[in-house]
Amino acid sequence: RGPRMCEGEQYVYVFGYGSLMWRPGFPFLRKFNGYIKGWRRVFWQGSTDHRGVPSAPGRVVTLIKQPHEGDDPTYYTWGVIYCVPLEESGPVLKSLDYREKGGYSREELDVFISGEANPVVQGAIVYLANTTNEEFLGDAPMPDIAAQIYRSVGPSGPNIDYLMNLATVLRKMNVTDPHVFELESHVKILVDEDTSLRSITATSVTVSEGQLPTLVVKETTLTLPSPDGASSSSSPLSSSATMIPPVLPTCDEF
């Protein structure tokens with residue numbers, strides 16, 4: 001519940017700390033920024049259904065639990081909380097369950113805002129990929145994580161796009177996330193060094209009745225900034241691969 005956030009009705013609250021922050025993909029009445037305590041956002045979860053493929057997984061964020069007692073601000077994770085009317089929550093959660101099927105499960109956590117000692121929402125739904133799920137990759141040297149993100153592409157697009165979107169939205173919220181921003185810096189170094197490739201192609205999934213879904217890398221270019229601030233790009237690449245299972249039309253870009 002969140003009496004000061006969305007008054008007068010009954011709501012389900014969904015807390016997003018990754019792609020839900022910039023692309024929720026579901027109807028909501030209101031959203032606001034908040035944070036959870038005792039958890040840290042890290043790029044330790046593999047992605048074979050959105051930002052990578054089974055033969056070349058990408059990396060997306062999950063949460064790791066604070067290993068010690070006490071209030072530790074380094075284990076505060078800022079995100080966006082959405083107020084979803086109770087009568088609309090069934091289809092919304094069903095869609096999110098499918099979207100987050102790659103190792104994530106629902107948890108309920110309290111959400112705080114600046115200047116409030118007590119949680120403003122109790123039991124918000126958070127999708128969390130724990131360390132025992134099959135796609136969990138865990139920690140690695142930061143340059144290795146950056147290299148994996150830099151080269152990975154999946155049905156929802158380039159992995160680098162996911163990282164840059166996350167860093168952008170955190171800056172707009174005036175949130176400092178050392179893990180995300182350090183990773184972003186390493187990826188930008190790779191962009192700078194790889195002068196032969198200044199663009200990453202976007203992807204789509206096409207599904208015909210009676211056929212397996214096909215991952216198609218479109219000739220659509222995502223332009224990355226060059227070190228001097230000017231934009232540059234190269235000719236897009238193209239390829240195809242068969243993907244199972246299909247991606248829902250309503251959850252095609254996360």
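The values are calculated or read from the model by the stated rules, or taken from the named source; none is laboratory data. Worth saying up front: this structure is predicted, and the values here are computed from it rather than measured. Note that each Cβ is placed from the backbone with ideal geometry, even for glycine, and that neighbours are counted across all protein chains shown. Calculation scope for accessible area: heavy atoms of the full protein, side chains included, ligands and nucleic acids excluded. Shrake-Rupley method; radii C 1.70, N 1.55, O 1.52, S 1.80 Å.
How many percent of the alpha carbon pairs in the stretch 60-110 exceed a separation of 14 Å?
Tail fraction, whole percent: 68.
Using packing as a proxy for protection, rank 39-47, 81-89, 175-183 so that the peptide with the highest average count of other Cβ atoms within 10 Å comes first.
39-47, 81-89, 175-183
Which of rounded, prolate, oblate describes the stretch 1-133, given a ≥ b ≥ c as roots of the alpha-carbon gyration tensor eigenvalues and a/c under 1.5 marking rounded, otherwise prolate only if a/b is larger than b/c?
Cα axes put the stretch 1-133 in the oblate bin.
Before anything else, pin down the relative contact order of the stretch 2-146: Cα pairs under 8 Å, at least 6 apart, normalised by residue count, whole percent.
33 percent
To the nearest 0.05, how large is the calculated FRET efficiency for His68 and Ala147 if R₀ is 35 Å and r is the Cβ-Cβ distance?
0.65
Taking 0.36 nm per residue of sequence separation and subtracting the Cα-Cα distance, how much length would be gained by fully extending the chain between Glu134 and Asn174, in nm to one decimal?
Full extension of this stretch gives 11.0 nm more.
With r as the distance between the Cβ atoms of Leu93 and Glu182 and R0 = 35 Å, compute the FRET efficiency 1/(1 + (r/R0)^6) and round to 0.05.
With a Förster radius of 35 Å, E is 0.55.
What percent do you get for the relative contact order of the stretch 33-77 when only Cα pairs under 8 Å and 6+ apart count?
Once divided by the residue count of the stretch 33-77, the mean separation gives 50 percent.
Label point 7 Å out from Ser105 along Cα-to-Cβ: which residues of the stretch 130-152 have amide N under 19 Å?
Within reach of a label on Ser105, which here means backbone N under 19 Å from a point 7 Å along Cα→Cβ, the stretch 130-152 contributes 130-138.
Taking only protein heavy atoms into account and a 1.4 Å probe, give the accessible area per residue of the stretch 1-146 in Å².
That works out to 47 Å² per residue.
So how exposed is His68, as accessible area in Å² (1.4 Å probe, rounded to 10)?
Approximately 90 Å² for this residue.
With contacts defined as alpha carbon pairs under 8 Å and 6 or more residues apart, what's the relative contact order of the stretch 75-186 in percent?
Computed over the stretch 75-186, the figure is 17 percent.
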